[in-house]
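Here's the structure, in structure tokens; my notes come after.
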Amino acid sequence: MDLSLNGEGGNSVTKQVETICITTGPIEYSEYVTLNIGPIHPAMHGTLRVITRTDGETIISAKPEIGYLHRGVEKLGENMSYAQFLPITDRLNYCSAICNNVAYEMAVEKLLGIEVPPKAQLIRMIMMELARIADHQVCVGILGVDLGALTPFFYLIIQREEIYEIFEWHHGARLTNSMGAIGGVEADLPDRFHEKWPKLRNTIRKANDETDRLLTHNRIWMDRTIGVNAFCADDALNWGFTGPMLRACGVGRDLRKDEPYLMYDKIKFDIPTGKHGDVFDRYMVRMLEMEESVKIIDQAYQLYKEFPDDAPLMKKVPKIIRPPEGQIYHAIESPNGELGFFIKSDGSDKPYRIKIRPPCYMVYQAFEDLVKGEMISDLIACLSSINVIAGELDR
Amino acid sequence: MGFQAIQGEGWLLAKAEQLINWGRSRSPWPFPYGTACCGIELMCALASGYDMARFGAERVAFTPRQCDVLIVAGTITKKMVPVLKRIYAQMAEPKWVLAVGACACSGGVFRTYSTHQGIGSVIPVDVYIPGCPPRPEGILYALLKLIDKIEADHPLYKQRSKVIEALEAAK
Amino acid sequence: MSLKEKVQAVIGGDLVELTDFRGDLCAEVPKGRCLQVLTRLKEEGGFDFLSDVIGMDNLHLYEKKKQKKGKKAEEETKPEKQGPPPPRFEVIYLLLSLETGERLQIRVRVPEDDLELPTITGLWRAADWPEREVFDMFGIRFKGHPNLRRLLMWDEFQDHPLRKDYPLEGKGEERHLNYDIG
Ligand code: SF4
């Protein structure tokens, strides 16, 4: 794997780190090599940068350096009205924008103290689970690409185009969805969804099946993933892990079950967990979660069909939203874990402070613990399996 | 004879240019500089389904030394600008730049303290693609536009004066 | 025992104020006692998971309140003399109890002239980056933090962008960034 210095940053961090190595390191440290990976590197998912020190191929330390995609989203939110901020939330985790939209909408609804109509809740759920499938597909596909298996990626991405088609029918955008509004969703499920879903669920299953057959019992895949950066549950909780990363360590924590929102409490589904918290478990958890998501959509769709066509989709909210003074925190289970919005209102039409709790931020800060003592190529596997999304990491 | 051909709008020059342009426009190898959401759409455009390789962008170069087209897809923050400049400087001539998405073109929705307002002010851009994000079709269309631009280029003619000087010095 | 009683029992005398808004409990504790209270909450209260650490600048909040009050009752009563204005900054810790799923916000007020808090990375390592971010964005220092450097902005950056007196489009500190490499 080509790990050349593919564009070291223009700021002084590299220089600093190097001087530290030279001046303060004990003598036996002098044989270690400082290797800068990123920020533009094919395996670095856009804008991540890790400064590693290696002994041969073994990693002695790995310092992640973030902020290359810090766009000032939180400051922007303070200068916008509540409704205007909704499209900005798309740009956080752009692999599953709908989850961000719904999380933000629900946080504002909690601030206003309203509850959306049940039919709108079901539509939100169906769309969120579709987004979850799309997100996991990208994650698994990219994990394969980074480990040298290009084929599953192509299977999965064709699959994902079909999910995007449904998004386009519903709210007109492929990636940055801006679905719904504060108080509900703007449109019913598209008519074509009713024909599409039975077919789509089969093709999703088929693509997963194919990926499963290509990867799971593949000798090379197993060698490269099983036992690679295993992590124990206590450490994971101490570091603030959530989502698939935590479930791979064996803690079956899922906000959809533990703090049910929308109508998740009416639906039966399992929470897949792993045992060792290694890359293989993370991959398996994600694969199984896609299956569960298909199940959830099936049941939610059944519930949805009970509602008449003209059931309300929007709760009446004032045009200019002025929530009462107060602060709330609301979290949902996004594909990567607990995605929370902390909003403080001062009674005006702009939020006083918005803080986003991105799930992969908490995971990525433990990166050094995760990869210490592993090989350089395992670092790549680890990074892909965390599914770090720079937009949400840096905000 | 070659000298005369270079001096006028010679036949030889034109044919040589056509040959060069044919080669260049059929193989615009991209360097995907995907930083944010637009990078995901770029990924779609490169992968199966839209398959940018149909237009010659066959080999995705992951090193700036072996690519022709720098595709900047996503927000460029102020912290990232020096890196972008360095990547551009590392690319070998001839090089072209596509700015994908509102962020790369003009800063997009992020008019804040940390976002650079458009890469046009730090590196020369050949084709701007609007949209937030542009659809993969948009990216393909921009690539076709770029190919048109490459085909209309005069790689030798531009250097004519230099060549003449060199030849005269040699005389 | 409801959450409110439990929190009151655990925090005890250190509790300054307990507010409840839409089911989100927020307990304010004095700055000096924050580490002890958090330790007690972790060990006795069962709040064993740290969700996030949030910084906040209350500069405009008080100005706005003053203005509102001033408009309403300017003539009737002279604005009564109060004590010193409340401290400018706030740090909010979001805690979660994994067993019961209860959430709690702990608020600590930080005055502008003494921007220092004890770090809680010893209790939860999850506080590592959030604390660095609060330092980066608000300039609140965490004493004892293992690696308190800027996180999101580059190292040479001077200001703290999420403070309320910092303009949205910046003050132009990025001029020192070397744009002339190529
Ligand atoms: S233009 Fe839009 S989609 Fe593209 S990077 Fe910017 S915010 Fe993301």
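Some points to look at:
- Candidate set: the stretch B:33-64, residues that are aromatic (Phe, Trp, Tyr) and at the interface with chain A (Cβ under 8 Å from one of its Cβ atoms); chosen: the one nearest to the ligand (Cβ to nearest atom): B:33
- In the stretch A:211-255, the residues that are within 14 Å of chain C (Cβ to nearest Cβ) and of a type in the set (Asp, Glu): A:234, A:235, A:254
- Extreme residue, least open to solvent (accessible area, probe 1.4 Å), among residues of the stretch B:94-109 that are within 7 Å of the ligand (Cβ to nearest atom) and in a loop (DSSP other than H, G, I, E, B): B:108
- Among residues that are part of a loop (DSSP other than H, G, I, E, B), buried (at least 16 other Cβ atoms within 10 Å of the Cβ) and at pLDDT 85 or above, residue B:32 is not included.
- Taking every residue in the stretch C:92-112 that is without any contact (Cβ under 8 Å) to a residue 12 or more places away in the chain and pairing it with any residue that is open to solvent by 20 Å² or more (accessible area, probe 1.4 Å), at least 6 positions away or on another chain, the pairs with Cβ-Cβ distances below 7 Å are C:101/A:258; C:101/A:259.
- Single residue of the stretch B:121-135 satisfying the filter (open to solvent by 60 Å² or more (accessible area, probe 1.4 Å) and away from the ligand (no atom under 15 Å from the Cβ)) that is nearest to residue B:109 (Cα to Cα): B:121
- Hey, residue B:48 more than 19 Å from residue A:46 (Cα to Cα), modelled with pLDDT of 85 or more and over 13 Å from the mean Cα position of the chain (by Cα) or not: no
- Of all residues in the stretch B:25-32, one or more are within 16 Å of the ligand (Cβ to nearest atom) and either farther than 18 Å from residue B:97 by Cα or in contact with a strand residue (DSSP E or B) (Cβ under 7 Å, 6 or more places away or on another chain) (or both).
- Residue match in the stretch A:333-343 (condition: on the phi > 0 side of the Ramachandran plot and within 16 Å of the ligand (Cβ to nearest atom)): no
- Test: residue B:146 is more than 7 Å from every other protein chain (Cβ to nearest Cβ) and either modelled with pLDDT of 85 or more or within 16 Å of the ligand (Cβ to nearest atom) (or both): yes
- Applying the condition of being touching a helix residue (DSSP H, G or I) at 6+ places or on another chain (Cβ under 6 Å) and more than 13 Å from residue B:120 (Cα to Cα) to the stretch B:74-91 and asking which residue is most open to solvent (accessible area, probe 1.4 Å) yields B:90.
- Within the stretch A:167-180, being of a type in the set (A, V, I, L, M, F, W, C), away from the ligand (no atom under 15 Å from the Cβ) and either buried (at least 19 other Cβ atoms within 10 Å of the Cβ) or within 13 Å of another protein chain (Cβ to nearest Cβ) (or both) holds for one residue alone: A:179.
- Residue count for the stretch A:181-210, restricted to those that are open to solvent by less than 30 Å² (accessible area, probe 1.4 Å), within 14 Å of chain B (Cβ to nearest Cβ) and either more than 29 Å from residue B:131 (Cβ to Cβ) or within 16 Å of the ligand (Cβ to nearest atom) (or both): 0.
- Number of positions in the stretch A:335-355 that are within 9 Å of chain C (Cβ to nearest Cβ) and under 30 Å from residue A:247 (Cβ atoms): 4
- Positions within the stretch A:211-229 being of a type in the set (A, V, I, L, M) and open to solvent by 60 Å² or more (accessible area, probe 1.4 Å), in sequence order: A:214, A:220, A:226
- Figure legend. Inter-residue proximity from the stretch B:52-70: first residues among the aromatic types (Phe, Trp, Tyr), second residues open to solvent by less than 40 Å² (accessible area, probe 1.4 Å) and modelled with pLDDT of 80 or more, beta-carbon distance below 6 Å, spacing 6+ or different chains. Indicated pairs: B:55/B:143.
- Residue within the stretch A:353-361 that is farther than 20 Å from residue A:124 by Cα, in contact (Cβ under 8 Å) with a residue 12 or more places away in the chain and open to solvent by 10 Å² or more (accessible area, probe 1.4 Å) present: no
- Screening residue A:317 against (1) open to solvent by less than 20 Å² (accessible area, probe 1.4 Å); (2) more than 10 Å from every other protein chain (Cβ to nearest Cβ); (3) modelled with pLDDT under 85 leaves a single unmet condition, (1).
- Any hit, the stretch B:142-154, residues being in contact with a Gly (Cβ under 6 Å, 6 or more places away or on another chain), over 30 Å from residue C:157 (Cβ atoms) and assigned to a helix (DSSP H, G or I): no
- Test result for residue A:165, out of contact with any strand residue (DSSP E or B) (no Cβ under 7 Å at 6 or more places or on another chain), assigned to a helix (DSSP H, G or I) and without any contact (Cβ under 8 Å) to a residue 12 or more places away in the chain: no
- Taking the numbered list (1) within 14 Å of chain A (Cβ to nearest Cβ); (2) outside any loop (DSSP other than H, G, I, E, B); (3) open to solvent by 10 Å² or more (accessible area, probe 1.4 Å) in turn, residue C:46 passes all entries but (2).
- Within the stretch A:93-106, residues that are more than 13 Å from residue A:358 (Cα to Cα) and free of Cβ contacts under 8 Å to residues at least 12 places away in the same chain have Cβ atoms under 7 Å from residues that are within 16 Å of the ligand (Cβ to nearest atom) and not in a loop (DSSP other than H, G, I, E, B) in no pair, counting only partners at least 6 apart in sequence or on another chain.
- Each residue in the stretch A:126-148 was checked for being under 28 Å from residue A:180 (Cα atoms) and touching a His at 6+ places or on another chain (Cβ under 8 Å), and 1 of them qualify.
- Qualifying position, being more than 16 Å from the ligand (Cβ to nearest atom) and either hydrophobic (A, V, I, L, M, F, W, C) or over 24 Å from the mean Cα position of the chain (by Cα) (or both), among A:384, A:377, A:293, A:348: A:348
- Leading residue by the ranking (farthest from residue A:117 (Cα to Cα)) among those in the stretch A:153-183 that are of a type outside the set (A, V, I, L, M) and in contact with a Pro (Cβ under 6 Å, 6 or more places away or on another chain): A:169
- Checking each residue in the stretch C:125-145 for being in contact (Cβ under 8 Å) with a residue 40 or more places away in the chain and of a type in the set (D, E, K, R) picks out C:131, C:133.
- Taking the stretch B:110-120 as the range and being more than 14 Å from the chain's Cα centre (by Cα) and either open to solvent by less than 10 Å² (accessible area, probe 1.4 Å) or more than 16 Å from the ligand (Cβ to nearest atom) (or both) as the test, the residues that pass are B:110, B:112, B:113, B:114, B:115, B:118.
The values are calculated or read from the model by the stated rules, or taken from the named source; none is laboratory data. Bear in mind that the values here come from a model prediction, so they are computed numbers and not experimental data. Note that we place each Cβ from the backbone using ideal geometry, even for glycine, and neighbour counts take in every protein chain shown. Quick note on the areas: whole protein, heavy atoms, side chains included, nothing else; ligands and nucleic acids left out. Shrake-Rupley method; radii C 1.70, N 1.55, O 1.52, S 1.80 Å.
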